[in-house]
Amino acid sequence: RVCRQTRRREPFRFGADRFADAVGRNKYVLAIDQGTTSSRAILFSHQGNIITLAQKTFQQYFPKPGWVEHDPNEIWYTQSSAIKEAMAKADVTDMHIACIGIANQRETTIIWDRETGFPVYNAIVWQDRRTADYCEELKTKGYASLIQQKTGLVIDAYFSATKIRWILDHVKGVRERAERGELCFGTVDSWLVWKLTRGTEFITDITNASRTMLFNIHTQEWDKELLDLFQIPASMMPEVKSSSEVYCETSTPIFKTGIPVSGMAGDQQAALFGQLCTDIGMIKTTYGTGCFMIVNTGSKPVLSKNNLLTTIAWKQDGKVTYALEGSVFVGGAVVQWLRDELGLIQSAAITEQLANSVPDNGGVYFVPALTGLGAPYWDQYARGVIIGITRGTSTAHLTRAALEGICYQVYDVLVAMENDIHAKPKEIRVDGGAIANNFLMQFQADICRCPVVRPRVLETTALGAAYLAGLAIGYWKDVDELKEQWSLDNIFSAEMHEETAETLLTEWHKAVGRSLNWAAD
């Protein structure tokens, strides 16, 4: 059943009795971590420890070169299955869950029917490049400055606005339905809340809104001028909430009773919060499908002069924190590509051993521009390049070059970030699945000439969502209490001679030059 009502007229009220019960220290926080290739559910204790984790992968669709899609219903099915499995593993019921926090893949665009809840088209994934030509047209018409000033973003197919417009223009009858107020647009957070509440809540959080290219980060509202520019009806847009507040209670058969949903953030912002980068100048990098470096810039937005994104880090207790971000489109995904498409490796775990089995990259450089290049290049027409291959090139060399290519991209973002904030970071906090690879972390420290700090809890994206949710209901008192939980696993410091690092970077940038603008007409 789907209810036609999609917005509450009054703020959600969290009863005093339920509030006192929810903060019981024998309860857990459920974090939903919905990513690009899998849906995960993690239960965290009051000490910030993982109680149990469940993960379900789902299908990636590539209808045409440069197109990437997901099935929204499969996203929900795998996410709900992961929740059930996590609870079963821990042998807990919904009565043991204090609240729910959501972290999600950002920019991915879903449009569905307001009454039936049926998607009108597959989800268009953040990696999708089908609107690249339209983005170039917007740049030619001079909209780049307007969009950056309002949204903090560059014009790119990465963001949601052009994806929405594509669906409205290319799926039969959809624009007419949208103009009649029959359709909802949402990033994945909105879709999950809609499903968790059986269609009674149509909301997003401010961090996800800031990634659509339709949200004014200064006024903190959907921007009418931008909605008109992209010809998107305002009725499609969800209500924007803060990142930490009690939005609603669940009303899904997954749970026998309603559980407060009280925290939401895009995955990278959630990771920044999970790493407790709450002071100005603190930096984290997430190594997932892509790589995402974010620096906390405090209460005022800093517009980049070096092709980075100005974004909202979170809104908590009525205060907005801003950040600068550099997005690398292909990070860990390059390892997946080596495994699944080329068949060079059996698993990601073997890449560390292979990389260490050779003394260097053998002169091979891999620019993994498989979906174009993100920051600081923002070249939608760049394509992947493997260069320097000889008869002596081995699988180990290619694997090492792929891992090094991840680190070089992160280095390029770091340089742009240092130029924008006019400072060098004291450290880079890291998270994401790939950081278990010690070769990757050491090479990153060598190239960046900066300590790379790996925390004990690697699931910081989910942890950030849990923290935001728990703070909203008083499960944790404040950020200072959370800081006491953060603990170190390892620090990687530069060991490579600086001259060697500079030579490697020179060759890398030569390889990038071969990649740029490759697919342009």
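The values are calculated or read from the model by the stated rules, or taken from the named source; none is laboratory data. Computed from a prediction, not measured in an experiment: that's the story for all the values here. All Cβ positions, glycine included, derive from the backbone under ideal geometry; neighbour counts span all protein chains shown. Only protein heavy atoms, including side chains, enter the accessible area calculation; ligands, DNA and RNA are left aside. Shrake-Rupley method; radii C 1.70, N 1.55, O 1.52, S 1.80 Å.
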Item to check | Residues of the range 229-260 that turn out to be closer than 16 Å to T311 by Cα, open to solvent by 30 Å² or more (accessible area, probe 1.4 Å) and either without any contact (Cβ under 8 Å) to a residue 24 or more places away in the chain or touching a Phe, Trp or Tyr at 6+ places or on another chain (Cβ under 7 Å) (or both), as a count | outcome: 1
Checklist outcome for this item: Note on the range 110-137: residues surrounded by 18 or more Cβ atoms within 10 Å (Cβ to Cβ) and either without any contact (Cβ under 8 Å) to a residue 24 or more places away in the chain or among the basic types (K, R) (or both) are R114, R129, R130
Checklist outcome for this item: Inside the range 479-492, the number of residues satisfying the requirement of being assigned to a loop (DSSP other than H, G, I, E, B) and either open to solvent by less than 60 Å² (accessible area, probe 1.4 Å) or of a type in the set (D, E, K, R) (or both) is 3
Item to check | Breaking point among (1) of a type outside the set (A, V, I, L, M); (2) open to solvent by less than 10 Å² (accessible area, probe 1.4 Å); (3) under 27 Å from H96 (Cβ atoms), for G186 | outcome: (3)
Checklist entry - under 14 Å from I32 (Cα atoms), crowded, with 22+ Cβ neighbours inside 10 Å and more than 19 Å from the chain's Cα centre (by Cα) - does that describe any residue in the range 85-92? => result yes
Item to check | Qualifying positions in the range 433-445 - surrounded by 21 or more Cβ atoms within 10 Å (Cβ to Cβ) and of a type outside the set (S, T, N, Q) | outcome: A434, I435, L440, M441, F443, A445
Checklist entry - For the range 261-318, list the strands (runs of 3 or more DSSP E) that sit wholly inside it and hold at least 2 residues that are among the hydrophobic types (A, V, I, L, M, F, W, C) and in contact (Cβ under 8 Å) with a residue 40 or more places away in the chain; which are they? => result 291-298, 309-316
Checklist entry - Limited to the range 392-405, what total is found for residues that are open to solvent by less than 20 Å² (accessible area, probe 1.4 Å) and out of contact with any strand residue (DSSP E or B) (no Cβ under 6 Å at 6 or more places or on another chain)? => result 4
Checklist entry - When you scan the range 83-119, how many residues do you find that are of a type in the set (D, E) and not in a loop (DSSP other than H, G, I, E, B)? => result 3
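Rundown of residues vs (1) small (G, A, S); (2) modelled with pLDDT under 90; (3) more than 24 Å from W508 (Cβ to Cβ), yes/no style:
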site	(1), (2), (3)
A402	yes, no, no
D420	no, no, no
N437	no, no, no
A445	yes, no, no
R456	no, yes, yes
Checklist entry - Considering only residues of the range 166-178 that are charged (D, E, K, R) and open to solvent by 50 Å² or more (accessible area, probe 1.4 Å), which is farthest from A234 (Cα to Cα)? => result K172
Next on the checklist: Taking the criterion of being without any contact (Cβ under 8 Å) to a residue 40 or more places away in the chain and outside any helix (DSSP H, G or I), would at least one residue in the range 151-171 satisfy it?
Outcome noted: no
Checklist entry - Restricting to the range 353-381, what's the tally of residues that are open to solvent by 50 Å² or more (accessible area, probe 1.4 Å) and of a type outside the set (S, T, Y)? => result 5
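The rows are residues; the columns are (1) open to solvent by less than 50 Å² (accessible area, probe 1.4 Å); (2) modelled with pLDDT of 90 or more; (3) under 25 Å from the mean Cα position of the chain (by Cα).
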site	(1), (2), (3)
E459	yes, no, yes
L463	yes, yes, yes
G474	yes, yes, no
M496	yes, yes, no
E507	no, yes, no
